[in-house]
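Colleague: For reference, the structure I am asking about is given below.
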């Protein structure tokens, strides 16, 4: 079952990487086509192309995360701190993509209809909330790791004390 899961994640990751590459190519081709028509419309096409590239980076990072965590890494070998760092890196990439996408849409909408600013603002607020949630997660998980390490150290200390007590007791013969 683990092999099937790893193969499936590998195939899905490869598909996502190809789709991310297709998004970049599509954005570039659309930009070139718009620039051939009109330099004035090229600015909007440039913002659209940036949006495609940002989404492609996020999709590629999702695929990379799947490969690293589900295909390459052996199950059960991930420590709590490694999991926290890996998840934080993954979420950070997604948040950056959401922020950039929100900014791109703000620029696009501000040139057309300012009344349509609700969606990009909601996108930016969502990104801020994700960052805050990530901060809370980081804080709580680091605290749990510290408590776990303290318990482990005290357990080792208790074991050493018991061994020392056993050595110091007189032996009965």
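Only the coordinates and a few stated rules stand behind these numbers; no lab work does. Quantities reported herein were computed from a predicted structural model and do not represent experimental measurements. Glycine also receives a Cβ, built like all others from the backbone with ideal geometry; neighbour counts cover every protein chain displayed.
Colleague: (1) 1.64; (2) 2.14; (3) 1.45: which one is Cα Rg over 2.2 N^0.38 Å as calculated from this entry?
Modeller: Step by step, Cα Rg over 2.2 N^0.38 Å for this structure corresponds to label (1).
Colleague: If the viscosity is 1.002 mPa s and the temperature 20 °C, what Stokes-Einstein diffusion coefficient in µm²/s follows for the range 55-147 when Rh is the Kirkwood radius over Cα pairs?
Modeller: For these conditions, the coefficient is 142 µm²/s.
Colleague: While we're on this one: Could you check which residue among 115, 97, 63 shows the biggest mean-square fluctuation in a GNM of the chain with a 10 Å Cα cutoff?
Modeller: 115
Colleague: If each DSSP helix of 4+ residues adds -39,500 (n - 2.57) and the sum is divided by the residues in the chain, what number results at 222 nm, nearest 500 deg cm²/dmol? Spell out each step's value before the answer.
Modeller: Working: 4 runs with 148 residues, N = 173.
It comes out at -31500 deg cm²/dmol, rounded to the nearest 500.
Colleague: Taking Cα atoms, how many degrees apart are the long axis of helix 39-66 and the longest axis of the chain, rounded to 10 and kept between 0 and 90?
Modeller: 20 degrees
Colleague: In whole Å, how far is the Cα centre of the range 1-39 from that of the range 50-99?
Modeller: 16 Å
Colleague: So between residue 8 and residue 72, what do we pick up on full extension, going 0.36 nm a residue minus the alpha carbon distance?
Modeller: Working: separation 64, 0.36 × 64 = 23.04 nm, distance 1.25 nm.
Result for the pair: 21.8 nm of gain on full extension.
Colleague: For the residue pair residue 115 and residue 149, what label-to-label distance in nm results when each label sits 7 Å from Cα along the Cα-to-beta-carbon direction?
Modeller: For the pair residue 115/residue 149, the computed spacing is 5.7 nm.
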